C-alpha cells in the first residue's frame, strides 16, 4: 500500500510540474511560425488558392522543413504544381540547377552517366555535355564530349556522382572516342589526365555565346541563352558589381541587325529560368515585323489579385531583325520564360514559322514570384498563368518540329559550331536539305549505346 501511495504522489508531482511549471508554448510557436506564415501567404497569393481554403494540414506537418511543408500545400493543386519553391537565407542551394550543374557551388559542368560506349568493358563513364564559361572545369580544359573514366584513380558509377558535382581539387582520367569510317565501330582514341580545381561559385552567364554564320550566302545569327534575366541575381545577393544582361542582349542583337542576318537560331536548350519582361524583349527582336503591333503575352492571377492581370504588347523600341521565321533549339531543360517566349511566337508568327529542333520542353505555363520573406524563408509560389497574345495558357510540354536527342550521337561539337547536331539540323533545314517531318530516327546514323541521365 505504501508503495502504491508513493507512485500516486510521484504522478501528482509530475502533473503539477506540467500544470504549474514554465509555459513553453513559445517553443512550439518558434518551431512552426514560419510554416504558419507560409500557409497565410499561400492562402492569399497562390494561383490555386481555392484548393487551400478549407484545408488544414496535420499539426505535425507544421514542424517540418519549409520545403516539405510547401509540398503539403502544393499537393492540393489539381494542376500538379511542381514549380512553387522556397529558399532559406543562404546561397548554398540552387533552385534552378540543371542536371549536375549548380552555379552556387560547382565544378561548372554537366554530364551523363553511361556504359563504356566502345562496349569493350562493363565500366561506366561520365560524358561531358556542357562546360560553363569561366568555371573550374573550363579552366581545366574540359570540353563537350570528353569522357571521364575515373577520378583520383577511382572508378565511376551512380553512387559517386556527387564527387564530380562539387568538392576539392581532383585528378581526372579523360578519354576521347572516334569512329571507324569503314567498319562504323567506336574505339578509344586517347587518354589524358586533367587537373580539376576545387569547386566554387560559377556565374551562369545569361548569353554566353553569340555569332554570325555564313551559310550559302545567308547570314545566320546564333544566340545561346541560359537564363532570361536582366542581371545575375546571385551577384546582387553578394552585393558585388554585376553585368546587366539586358545590355548584353541589346549589344548582341545590334550586331545581328548591323550584319543583316536573314535567319536566326535561338539556342534555348539550357534556358530554364527568367522573367516575363526579358522574354518579351528577346521575342520582340525576332518576331516577324507584321506581329510587332500585336500582344506578346497575357497573365492571369487569382481572384484576389486579378487587378495584376497584364496584356503585354511586343516592345517596338528594340531593333527588330525583320525575320520571317525563327529556329529554336530545345531540350528537357527548356522551361519557364523560354516556353512563354516559344508559345507567344508560335501564336504571333504561326507554328510553321517557329521551327523547334531538339526535345520536348519541360512544360511550365505559369509564373512564380517572391511574394515575401520572413523567418529567413523566401517564398516563391505560382502566382499567375502566362498565356499567349490570344489568352491561351492551356499548354504544357512543347513538342519539337524535328525531334533529336543529341546524346545519341558520337560527336557533341561545341555550341555555335555549325557541325553541332542541333544547329546543323537548323542550317540544313534552311537550305531545304531536310523537311519538318524528318526526325531523330531518320537522321541519326551515329548511335551510341544507351545513356542514363543522372539527376
Q: Sort 284-291, 331-338 for me by packing, meaning the mean count of neighbouring Cβ atoms within 10 Å per residue, highest on top.
A: 331-338, 284-291
Q) In square nanometres, what is the average projected area of the Cα convex hull of the chain? A) 30.7
Q | segment 50-162: radius of gyration and largest Cα-Cα distance (Dmax), Å | A | 19.9, 61
(Q) Applying a 10 Å radius around every beta-carbon, put 114-124, 405-415, 357-367 in order of their mean neighbour count, most first. (A) 357-367, 405-415, 114-124
Q: Please determine, in degrees from 0 to 90 and to the nearest 10, the orientation of helix 276-286 with respect to the longest principal axis defined by the Cα atoms of the chain, where the helix direction is its Cα long axis.
A: 10
Q) In what sequence, highest mean first, do 34-46, 211-223 appear when ranked by Cβ atoms within 10 angstrom? A) 34-46, 211-223
Q) Among 317, 210, what is the fewest-to-most ranking by other Cβ atoms within 10 Å? A) 317, 210
Q.
Need one number: nm distance between label points at residue 352 and residue 198, each 7 Å from Cα along Cα→Cβ, rounded to one decimal.
A. 5.9
Q: Just the number, please: Stokes-Einstein D of segment 109-196 in µm²/s, Kirkwood Rh from C-alpha pairs, 25 °C, 0.890 mPa s.
A: 183
Q) Tell me, 266, 70 in order of fewest to most beta-carbon neighbours within 10 Å? A) 70, 266
Q.
If each DSSP helix of 4+ residues adds -39,500 (n - 2.57) and the sum is divided by the residues in the chain, what number results at 222 nm, nearest 500 deg cm²/dmol?
A. -7500 deg cm²/dmol
Q.
For the chain, take the longest principal axis of its alpha carbons; what is the angle in degrees between that and the long axis of helix 25-45, to the nearest 10 within 0 to 90?
A. 40
Q | Computed over the chain: relative contact order in percent, which uses C-alpha pairs under 8 Å that are six or more apart | A | 14
Q: Among 163, 78, rank each residue by its count of other Cβ atoms within 10 Å, from fewest to most, as a rough exposure measure.
A: 78, 163
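None of the figures in this text is laboratory data; all of them are computed from the coordinates on show. These numbers come from a predicted model, not from an experiment. Cβ: placed from backbone, ideal geometry, glycine included. Neighbour counts: every protein chain shown.
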